[in-house]
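A short write-up of the structure that comes next.
The values are calculated or read from the model by the stated rules, or taken from the named source; none is laboratory data. Model, not experiment: these values are computed from the prediction. No Cβ is skipped: glycine too gets one built from the backbone with ideal geometry, and neighbour counts run over all protein chains shown.
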């Protein structure tokens with residue numbers, strides 16, 4: 001049997017695909033609704049949702065009225081939300097490609113993961129860049145504990161900062177912990193009520209799109225494992241170790 | 001079709017649930033069946049019904065598609081696509097539920113996407129489609145050198161495992177029991193293989209149907225909070 005290698009279409013000729021991962025209830029759907037609201041007039045957007053119970057998130061987004069309902073599609077994951085964004089992304093890829101074809105030209109497709117746990121991150125085979133979403137109500141120490149998405153997603157959103165006083169979380173400390181765990185990668189504190197924070201998230205998407213279109217964006221895999229963490233020192237690093245612990 | 005040396009191995013590869021074709025999104029109708037009141041201990045009977053009806057149609061379609069593909073190694077052109085279109089249509093007219101046809105089309109696309117990246121499946125990959133899953137599996141199997149029996153067994157095995165795996169997720173039970181059900185299905189699977197292995201043309205594809213399976217599949221498309229596509 002002959003074999004053939006297929007090379008993907010040149011990156012700049014298709015949409016930028018952005019994943020949104022993070023635990024249940026941290027505000028992934030709200031972030032997507034916010035992005036649609038903020039960017040929907042200047043960009044052509046589409047959304048793929050992966051809710052564990054199909055449709056829930058898609059229906060939320062459709063009812064939010066921020067995007068043409070036809071541009072929002074749900075993909076069932078057979079109770080395997082992790083698999084659908086990581087090791088068998090085919091159904092999501094088909095949905096993304098369908099949207100790109102049906103609404104060409106599409107600038108950005110947002111793919112929402114079914115809220116899994118801290119270990120679920122997107123494969124670069126599915127998305128070019130990804131948000132990982134935490135919220136302050138999940139606890140101020142979550143960012144410090146780390147995980148592949150927290151440590152290495154392209155951007156970490158610390159959501160619902162307006163709730164911090166009510167849940168006893170020091171937002172500045174949480175953001176500083178996150179920045180430390182991420183070794184300088186982007187951290188975006190966000191509250192829907194804070195226009196400046198919304199503008200920063202919007203600006204991050206636009207700048208990523210610009211880099212992507214210039215052909216300079218390289219998709220990063222946050223990995224399936226947390227960056228290396230030294231419990232005794234609180235130091236986190238993701239570089240290769242020659243020595244063993 | 002001639003069995004090549006690697007076909008037993010490739011047969012395992014294609015039957016493995018880890019083949020990245022999106023199969024984890026499917027329940028082969030067991031989710032709507034359980035929702036409509038089928039008891040989980042009736043899964044073995046459900047498997048027998050499928051193997052005697054819809055899965056036999058699927059397997060026979062795959063066998064014919066495989067023969068079409070294997071029979072024209074030197075003329076990979078429009079006539080081949082035309083012949084496969086006829087096979088596809090033969091499956092389509094035997095599948096009443098448009099929800100099940102759409103689910104099959106989606107699986108056919110993802111299967112072709114995966115296999116087409118590994119093997120040269122032109123002109124099928126270049127043709128517009130949609131192609132039902134049975135046609136795609138038949139072509140991929142023939143391309144991998146599987147004979148009619150191996151192809152039919154592949155289709156039947158995957159159906160059995162899809163049902164059992166989905167049932168385990170929906171109403172968990174001793175997984176050993178699920179393996180036993182799959183093992184016990186061997187009798188019905190081999191009977192199916194014997195029935196369809198000699199099917200040579202679209203006219204000979206059986207036209208069984210399982211009205212409840214189709215009706216449940218139809219309902220499932222609009223049901224809320226489902227875990228599986230179909």
Check: In the range B:143-153, what residues are within 10 Å of another protein chain (Cβ to nearest Cβ) and outside any loop (DSSP other than H, G, I, E, B)?
Finding: B:143
Check: All but one of (1) farther than 30 Å from residue B:103 by Cβ; (2) modelled with pLDDT under 95 hold for residue A:121; which doesn't?
Finding: (1)
Check: Quick one: would you say residue B:12 is without any contact (Cβ under 8 Å) to a residue 60 or more places away in the chain and assigned to a helix (DSSP H, G or I)?
Finding: yes
Check: Pairs, please: C-beta under 6 Å, at least 6 apart or cross-chain, first residue within 14 Å of another protein chain (Cβ to nearest Cβ) and in the range A:33-54, second in a helix (DSSP H, G or I) and modelled with pLDDT under 95?
Finding: A:49/A:57; A:49/A:58; A:50/A:81; A:50/A:84; A:51/A:57; A:52/A:81
Checklist line | Residue, modelled with the lowest pLDDT, within the range B:1-15, restricted to residues that are crowded, with 18+ Cβ neighbours inside 10 Å and more than 11 Å from chain A (Cβ to nearest Cβ) | finding: B:1
Check: Yes or no: residue A:74 at pLDDT below 80 and in contact with a helix residue (DSSP H, G or I) (Cβ under 9 Å, 6 or more places away or on another chain)?
Finding: no
Next item on the list: State the number of residues belonging to the range B:209-230 that are more than 19 Å from the chain's Cα centre (by Cα) and closer than 18 Å to residue A:114 by Cα.
Entry: 4
Next item on the list: Answer with yes or no whether residue B:163 is out of contact with any helix residue (DSSP H, G or I) (no Cβ under 7 Å at 6 or more places or on another chain) and assigned to a helix (DSSP H, G or I).
Entry: no
Checklist line | Matching residues in the range A:171-186 - criterion: being assigned to a helix (DSSP H, G or I) and buried (at least 18 other Cβ atoms within 10 Å of the Cβ) | finding: A:171, A:174, A:175, A:177, A:178, A:181
Notebook entry, point to check: Among the residues of the range B:171-216, how many are in a helix (DSSP H, G or I) and within 14 Å of chain A (Cβ to nearest Cβ)?
Noted result: 0
Margin query: It is to be established whether one or more residues within the range B:42-63 are within 14 Å of chain A (Cβ to nearest Cβ) and within 23 Å of residue B:144 (Cβ to Cβ).
Written below: no
Margin query: Anything in the range B:111-127 that is closer than 22 Å to residue A:75 by Cα and either surrounded by 23 or more Cβ atoms within 10 Å (Cβ to Cβ) or more than 9 Å from chain A (Cβ to nearest Cβ) (or both)? List them, or say none.
Written below: B:111, B:112, B:115
Next item on the list: Look through B:101, B:67, B:94 and report the one residue that is away from chain A (no Cβ under 12 Å), surrounded by fewer than 22 Cβ atoms within 10 Å (Cβ to Cβ), touching a helix residue (DSSP H, G or I) at 6+ places or on another chain (Cβ under 9 Å) and closer than 27 Å to residue A:51 by Cβ.
Entry: B:101
Notebook entry, point to check: In the range B:16-35, is there at least one residue being modelled with pLDDT under 95, more than 12 Å from chain A (Cβ to nearest Cβ) and surrounded by fewer than 18 Cβ atoms within 10 Å (Cβ to Cβ)?
Noted result: yes
Margin query: For the list (1) farther than 22 Å from residue B:203 by Cβ; (2) within 14 Å of chain A (Cβ to nearest Cβ); (3) surrounded by 21 or more Cβ atoms within 10 Å (Cβ to Cβ), I need the number of the one condition that residue B:130 fails.
Written below: (3)
